[in-house]
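The structure appears right after this line, and notes come after that.
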Amino acid sequence: MARQWVVVAAALTLGAGPPAQERVVTGDFVVTARVNGQPARLRIDPGALAMPMLGADLARRAELEGGRLDPGYAFAVGGTQIAGHTAVGAIQLDGPVFARRMGWNERRYQADVDGVLGPGSLREPAVRFQLRATRPGQWTRALPLLGGDTPDEQGPSYAVMPLAGIPLRIRFSPLVARSFLDATTANRIATGYGAKFTGAAAAEVIGFGVARPVRPMTLAHPLAIGPLSLTRVGVRIAEGRDTGAIPDANTPPPPVDPDEVVVTARVDRHPRPGTLTLGADALSRCSAVVFDKAAREVRLTCG
């Protein structure tokens, strides 16, 4: 334990200089790093938490130990509970060492790397995810950045925009195959965008290797996300969430009694923000996503 605190003290000293203005992340987003001096393969993922999430084997090698100041954590991914510990440790990528509180558990967030961290964890004030070369005709749109814009943030970094009068958080996950909405948000937009289910549900990995059913939904009226225009998106349909407002394209509507009063929605006085995860299907039209923490905006270049 004493070794850990010596390393962390060095991290706070060595990481004190001004960082570069922008970090550029390419390829599979995997970088060679050190955690408390131990070699590691970490992925910088635009959809991950600002708090680095490590595998338990790396945490043991790095001599991370949860103690009295360990708040711990627990995530619910569908019906699966993921619990773990946290501690402050030192990370070195390709520059100065810096200190971060990091978490670990026996179930890795992504199986092919030792750990994952989001753009909010990095020292640089801007992080550019260069997905592919810029093409002629693409254009850039800025959206407000929510979370991950201060050193104390631990959660994901979202873009945010209003949708039906309620904030919609937009998570960028180019390593996820298919874009998806939570069921509550899908219900909110169903009528206004002419949404219909157009296929059977299929399992999609959400995080920590946990797969949940996602059903394809097609929109008659496109949903604009900055420079993107979505007409097809998945809906997470499990955990008892009601998707009754979304008709099935293959099922004819029931006959309507002209004397019948039909209630189509109920008013939620305290609606929660929805979340849209943009996966590889939507982001295939984009060349870059930039998280500018100093300007508190996400810039998306697509076309």
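Would you confirm whether or not segment 120-127 contains a residue that is at positive phi and in contact with a Lys or Arg (Cβ under 6 Å, 6 or more places away or on another chain)? Scanning segment 120-127, I find no residue that is at positive phi and in contact with a Lys or Arg (Cβ under 6 Å, 6 or more places away or on another chain), so the answer is no.
Against the conditions (1) more than 18 Å from residue 118 (Cα to Cα); (2) touching a residue at least 12 places away in the same chain (Cβ under 8 Å); (3) part of a strand (DSSP E or B), residue 206 satisfies every one except (1). When residue 211 is tested against the conditions (1) part of a strand (DSSP E or B); (2) open to solvent by 40 Å² or more (accessible area, probe 1.4 Å); (3) more than 19 Å from residue 53 (Cβ to Cβ), the lone failure is (3).
Exactly one residue out of 141, 178 is at pLDDT 90 or above, touching a helix residue (DSSP H, G or I) at 6+ places or on another chain (Cβ under 6 Å) and either open to solvent by 20 Å² or more (accessible area, probe 1.4 Å) or outside any loop (DSSP other than H, G, I, E, B) (or both): that is 178. Quick check, is residue 39 farther than 22 Å from residue 206 by Cα and out of contact with any helix residue (DSSP H, G or I) (no Cβ under 8 Å at 6 or more places or on another chain)? For residue 39, the condition - farther than 22 Å from residue 206 by Cα and out of contact with any helix residue (DSSP H, G or I) (no Cβ under 8 Å at 6 or more places or on another chain) - is met. Scanning segment 185-208 for residues that are over 18 Å from residue 250 (Cβ atoms) and open to solvent by less than 50 Å² (accessible area, probe 1.4 Å) yields 185, 187, 189, 204, 206, 207, 208. Taking residues in segment 79-105 that are open to solvent by less than 10 Å² (accessible area, probe 1.4 Å), and partners anywhere that are modelled with pLDDT under 90 and acidic (Asp, Glu), the pairs with Cβ atoms closer than 8 Å and at least 6 places apart or on different chains are 86/70; 87/65; 87/70. Taking the criterion of being within 24 Å of residue 283 (Cβ to Cβ) and either among the acidic types (Asp, Glu) or not in a loop (DSSP other than H, G, I, E, B) (or both), the residues of segment 27-55 that qualify are 28, 30, 31, 41, 42, 43, 44, 45, 49, 53.
The values are calculated or read from the model by the stated rules, or taken from the named source; none is laboratory data. Remember, it's a predicted structure, so these values are computed and weren't measured experimentally. Glycine gets a Cβ as well: all are built from the backbone with ideal geometry, and neighbour counts include every protein chain shown. Note: accessible area is taken over every heavy atom of the protein model, side chains too, but ligands, DNA and RNA are not part of it. Shrake-Rupley method; radii C 1.70, N 1.55, O 1.52, S 1.80 Å.
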